[in-house]
Structures are given as structure tokens and as C-alpha cells.
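Notes to accompany the following structure.
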Amino acid sequence: MENENVYRQELIGKYRQAMGNLFRYISWFEEKAGKKAVENYHGDNNPGNSIPIPVYDSTLLAFVKEMQGTGLMDRNYVYTYSRLRIQNAQDELRLIRQVDLKDIEVIFAIMAKYVLGGMTRGMLWSEAVENGVFLESLKRVKELLDIWDQPLA
């Protein structure tokens, strides 16, 4: 029992340190939920002949950069999607809400799909804001860390 508590506290400490101040983005994601976080720039002179360039919200870009720096982004997230049969955003949100501390890596795998996948398909970042995956993930991780960080009586 003692070893289990020590392990749990080490795990919580690891996640708290890695997540740092990322929970400060929760209010921003709540404000942007269901809205696009990207605009297309078509050029000033000849909009009909130019290629649209996505322009991302600076707060979203800062969040993505910080998430990449946590070391929690699982490059094998595809395996998690296959193993848990995740097909769409509804499956992602359902799993995020059901995850317990022992399975918290599932949340980071789901976030990795959007954070890492967005490096080549930038619309994934905006999609994660619109469908609430980033918001729900941050809220659930914070909730799990707060619940399990309580001292045992």
C-alpha cells in the first residue's frame, strides 16, 4: 500500500511538472469552443490568383508549442486509436471523460493526434479547438491531478 501511494505521488508530480502552466489555457478554450481558431489569408492584390494561407490564433500556436515541449506527446498515438477503436471526435471526448489516472496516457495520445498531426495538417489544431478536444483534455487532466493529489486519511 505504501509503495502504491509513493508511485501515485511520483506520477502526479511528473504530470504536474510536465503540464506546468498549461491549465491557464482552459479559459481561452472555453471562450473559443465551437469557433474557428484559424483564418485564411488570400493576399491583398489578386485574391483570385493566390493560394490561401492559414493564419492561426497566436494563443493556439503558443499552446501547441508548449504541449510539444511537455514530453507527453505519444508519437504512437495511432496504436492507441486502433487499440481503443477510436473513430471520431465523439469517441475521443467520451474516452477523455472516462479516463482515470492509471489511463491518463490515453488523453495524451488523443492530444498527440492533434498537436503532432497538426504539424503536417494544420487544420487539426483548429479542429481540436472547435470540437473541444483540447478543452476537455486539459479539464480532465487537471481534475484527475487535483482528485488524486489529495492526502489519504
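The values are calculated or read from the model by the stated rules, or taken from the named source; none is laboratory data. As the structure is a computational prediction, the values presented were derived from the model and not from experiment. FYI the Cβ positions are ideal-geometry reconstructions off the backbone, even for glycines, and counts take in every protein chain you see.
So, of the residues in the stretch 118-143 that are free of Cβ contacts under 8 Å to residues at least 40 places away in the same chain and outside any loop (DSSP other than H, G, I, E, B), which turns out to be surrounded by the most Cβ atoms within 10 Å (Cβ to Cβ)?
Ranking the qualifying residues of the stretch 118-143, first place goes to ALA128.
Taking residues in the stretch 8-19 that are at pLDDT 90 or above, and partners anywhere that are among the small types (Gly, Ala, Ser), the pairs with Cβ atoms closer than 7 Å and at least 6 places apart or on different chains are ALA18/GLY71. Restricted to the stretch 79-104, and to residues there that are acidic (Asp, Glu) and at pLDDT 95 or above, the residue that is farthest from TYR15 (Cα to Cα) is ASP91. Counting only helices (runs of 4 or more DSSP H) that fall entirely inside the stretch 8-117 and contain at least 3 residues that are out of contact with any His (no Cβ under 8 Å at 6 or more places or on another chain) and within 19 Å of LYS139 (Cβ to Cβ), the qualifying elements are 26-32, 58-68, 89-98, 105-117.
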